[in-house]
Amino acid sequence: MTVTTENLGSPDIEALPERDSLIVRCWNLVRRQPLGAAGLLFIAIMTVMAFGAEVLTSINPEEQMFEHMLEAPSWEFLLGTDNFGRDIWTRIIYGARTAMLVGFFAAFFGSVIGLMLGVGSAYFGGKIDLIFQRVMDIFLAFPSIIMALAVVSVLGTGLQNVIIAIMLPMIPQCARVVRSSALSIREIPYVDAARALGYSHGRIILRHMSPNVMAPFLIMFTSFVGQAILAEASLSYLGLGVQEPIPAWGLMLQGGAEEYAESAPWAAVFPGLAITFAVFAFNLFGDAVRDVLDPKLRSR
Amino acid sequence: MYKYIINRILLMIPTLLGAAVLVFFVLRLVPGDVCEIRLAGTGLFADPEAIKICQDDLGLNDPTYVQFGRFISGYFTFDLGKSMWTGRAVSEEIGLRFQLSLQIAIMATIISVIIAVPLGTISAVKQDTWIDYAVRTFSIAGIAMPSFWLGMLMILGMLIYTGWMPPLDYVSPFEDPIGNMTQLIWPALATGYRYSAVITRMTRSSLLEVLREDYVRTARAKGLLEKVIVNQHALKNALLPVVTIVGIEFAFLIGGLVVTEQVFNLNGLGKLFVDSVLNLDFNMTQQLVMLVALIFVLANLVVDVLYAWLDPRIRYA
């Protein structure tokens, strides 16, 4: 004990082990979490697609080339064209942008609001906590797709409203999980110490308690991104999500793709594959995050 | 035990009431209403007088509290009101489709359990082998694949390879069980696969936990066959949390049908829900949302009671 206290004054930087190079660290990740690394790789590909859509394809995703309707995959149109003569490969790349946008914003706001509400509820406790729990129970009594549909019927369709509709059901889910972790944090004396120092409730919730529930928060966040992408696809497929002509994967499966599925299966197959791979990647990555952050569940 | 059940049923009331308040007032925030859609259609001019008459007729111009009172009191007089779109009684519209959706939900649940429990068991027993990885990948894929797309692929595959498509007209299972099955097995499979994923993962992690318990070690020390240990000793305890998840998933399954029914062109509750949302048919929408909430709350109750019945160690005070 005495040795460590002496060293505290002047940390011995030389003695710290040298940090592994990026390649070595990547290799370690692949070895320890092969599925998670695969997921991360695909997420990286999707991010590149979303940001570099203009570079990856020269065709306008909204351009209707009526002389090329329902054409099979070829060198000119890698994945074929749909019934309006729009290039499917291009629309999948631009669709990645829509999916990532909805996925990240919905998951981010859903989990952050849930985090604050959950930690706040655990922190204040008593009546506030009880009432909050009952309200959350009410929200949790609806399957998320039903709630999202109800929200869309109120706000109308479109990108921004879809994000809100998908985000809302996530709040109580995240709040509930975070609250149960925060309850045990609340009992640790440092919270009382912070109050004794006269810090405001907001500061204690945000600066002192929230960082300690990061593990469940991050687990919820990563799983939400995948869920949000799937929810957006479902809503768009029903015609209640992102609207034409914005390229979105769910939208690409609707209408013409279904009608002409027999003669032009590529229009129905590839957008679905994109959705599946995207959600798959986030789920794999989310599982890996959970394994790393939650040692209780490790390698199960 | 009975006291516990009664207590739980009483606790359902505030939740459902809260849900009713939430749904009612959220839907009243919608700009426009069913009359405008019905009369004006897509952008056509409609006589404001006609819209007014239609609104009066449906009670949309009554003060909000009167409408809310009508909505809540309907539950005590068993009058759920009329669909604002078709004019038929909500209970009648729901009754027509309830059987179909319930049948798919039950079939999908059975299918998912049949797939999930053996897979989860194998995956746990062969932990960290290629079998385990294959099962886990299969189940994560199930969560990732949109069930409506899976349904599309099924129809497409059948069309291309056999030239046959499941029939579109619904027949009751009591009249023509085979015809009914050939139609409904596909949506049940598409939804069942998705839900099997969740159950597989639950079975696996729960069994892994149980396999580390002392009594399993004792059984191994006695020299029992691994098969006997897993099937007769471990699974009994491991399946308890699985029961919970199956019950809760059942309620979500009804919600998931919203999208699947669209693909298979089935006239079930999900389609009714989407149509009522599109037509701003408030009455229908709020009753359907309440129905789903009721199923969810009931499923939770059944799960908790079943849990206590299956596991004598759990006793509710």
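The values are calculated or read from the model by the stated rules, or taken from the named source; none is laboratory data. These numbers come from a predicted model, not from an experiment. For neighbour counting, all protein chains shown are included, and Cβ atoms are generated from backbone atoms with ideal geometry for every residue, glycine included.
Laid out as a table, the results:
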read-out: Helices (runs of 4 or more DSSP H) fully within the stretch B:1-85 counting 1 or more residues that are at pLDDT 80 or above and either loosely packed, with under 14 Cβ neighbours inside 10 Å or not assigned by TED's automatic domain parsing to the domain that holds B:Ala299 (or both); value: B:2-27, B:64-76
read-out: Residue identified as small (Gly, Ala, Ser) and modelled with pLDDT of 75 or more among A:Gly9, A:Gly39; value: A:Gly39
read-out: Only listed residue being at pLDDT 85 or above, closer than 30 Å to B:Glu209 by Cα and within 14 Å of another protein chain (Cβ to nearest Cβ), chosen from B:Ser147, B:Ser139; value: B:Ser139
read-out: Test: residue in the stretch B:256-266 that is within 12 Å of A:Phe142 (Cα to Cα), crowded, with 21+ Cβ neighbours inside 10 Å and in contact (Cβ under 8 Å) with a residue 24 or more places away in the chain; value: yes
read-out: Criterion violated by A:Gly103 - all others in (1) within 24 Å of B:Val30 (Cα to Cα); (2) of a type outside the set (Ser, Thr, Tyr); (3) within 14 Å of chain B (Cβ to nearest Cβ) satisfied; value: (1)
read-out: B:Thr218 within 30 Å of A:Ala274 (Cβ to Cβ) and of a type in the set (Ser, Thr, Tyr); value: no
read-out: When residues of the stretch B:127-142 are limited to those that are buried (at least 21 other Cβ atoms within 10 Å of the Cβ) and in contact with a Phe, Trp or Tyr (Cβ under 9 Å, 6 or more places away or on another chain), the one nearest to A:Leu235 (Cα to Cα); value: B:Gly142
read-out: Condition check for B:Leu272: within 11 Å of chain A (Cβ to nearest Cβ), touching a residue at least 60 places away in the same chain (Cβ under 8 Å), part of a helix (DSSP H, G or I) and under 30 Å from B:Pro166 (Cβ atoms); value: no
read-out: Residue that is within 14 Å of the chain's Cα centre (by Cα) and touching a residue at least 12 places away in the same chain (Cβ under 8 Å), where the choices are A:Phe270, A:Phe280; value: A:Phe280
read-out: Helices (runs of 4 or more DSSP H) within the stretch A:199-262 that include 2 or more residues surrounded by fewer than 24 Cβ atoms within 10 Å (Cβ to Cβ); value: A:214-237, A:256-259
read-out: Qualifying residue in the stretch A:182-196 (condition: within 14 Å of chain B (Cβ to nearest Cβ), in a helix (DSSP H, G or I) and modelled with pLDDT under 90); value: no
read-out: Complete set of residues in the stretch A:48-62 that are in a helix (DSSP H, G or I) and surrounded by 13 or more Cβ atoms within 10 Å (Cβ to Cβ); value: A:Val48, A:Met49, A:Ala50, A:Phe51, A:Ala53, A:Leu56
read-out: Members of the stretch B:86-103 found to be part of a helix (DSSP H, G or I) and out of contact with any Leu (no Cβ under 8 Å at 6 or more places or on another chain), listed by number; value: B:Glu92, B:Gly95, B:Leu96, B:Gln99, B:Leu102
read-out: Any hit, the stretch B:215-224, residues being within 12 Å of chain A (Cβ to nearest Cβ), free of Cβ contacts under 8 Å to residues at least 60 places away in the same chain and part of a helix (DSSP H, G or I); value: no
read-out: Residue in the stretch A:225-263 that is farthest from the other protein chains (Cβ to nearest Cβ), counting only those that are among the acidic types (Asp, Glu) and free of Cβ contacts under 8 Å to residues at least 12 places away in the same chain; value: A:Glu244
read-out: Residue count, the stretch B:59-85 (criterion: over 16 Å from B:Phe25 (Cβ atoms) and in contact (Cβ under 8 Å) with a residue 60 or more places away in the chain); value: 6
read-out: From A:Ile128, A:Ile146, A:Ile113, residue being within 14 Å of another protein chain (Cβ to nearest Cβ) and either surrounded by fewer than 19 Cβ atoms within 10 Å (Cβ to Cβ) or in a helix (DSSP H, G or I) (or both); value: A:Ile146
read-out: Residues (at the interface with chain A (Cβ under 9 Å from one of its Cβ atoms) and assigned to a loop (DSSP other than H, G, I, E, B)) located in the stretch B:275-284; value: B:Leu280
read-out: Per-region count, the stretch B:245-274, residues among the acidic types (Asp, Glu) and at pLDDT below 85; value: 1
read-out: Residue within the stretch B:198-208 that is surrounded by fewer than 21 Cβ atoms within 10 Å (Cβ to Cβ), of a type outside the set (Val, Ile, Thr), out of contact with any Leu (no Cβ under 7 Å at 6 or more places or on another chain) and not assigned by TED's automatic domain parsing to the domain that holds B:Ala20 present; value: yes
read-out: So A:Asp291, is it acidic (Asp, Glu) and at pLDDT 85 or above; value: no
read-out: Filtered residue count, the stretch B:299-315, keeping only those that are aliphatic (A, V, I, L, M), within 14 Å of chain A (Cβ to nearest Cβ) and either without any contact (Cβ under 8 Å) to a residue 60 or more places away in the chain or outside any helix (DSSP H, G or I) (or both); value: 1
read-out: From the options B:Gly142, B:Gly120, residue that is in contact (Cβ under 8 Å) with a residue 12 or more places away in the chain, under 13 Å from B:Tyr193 (Cα atoms) and in a helix (DSSP H, G or I); value: B:Gly142
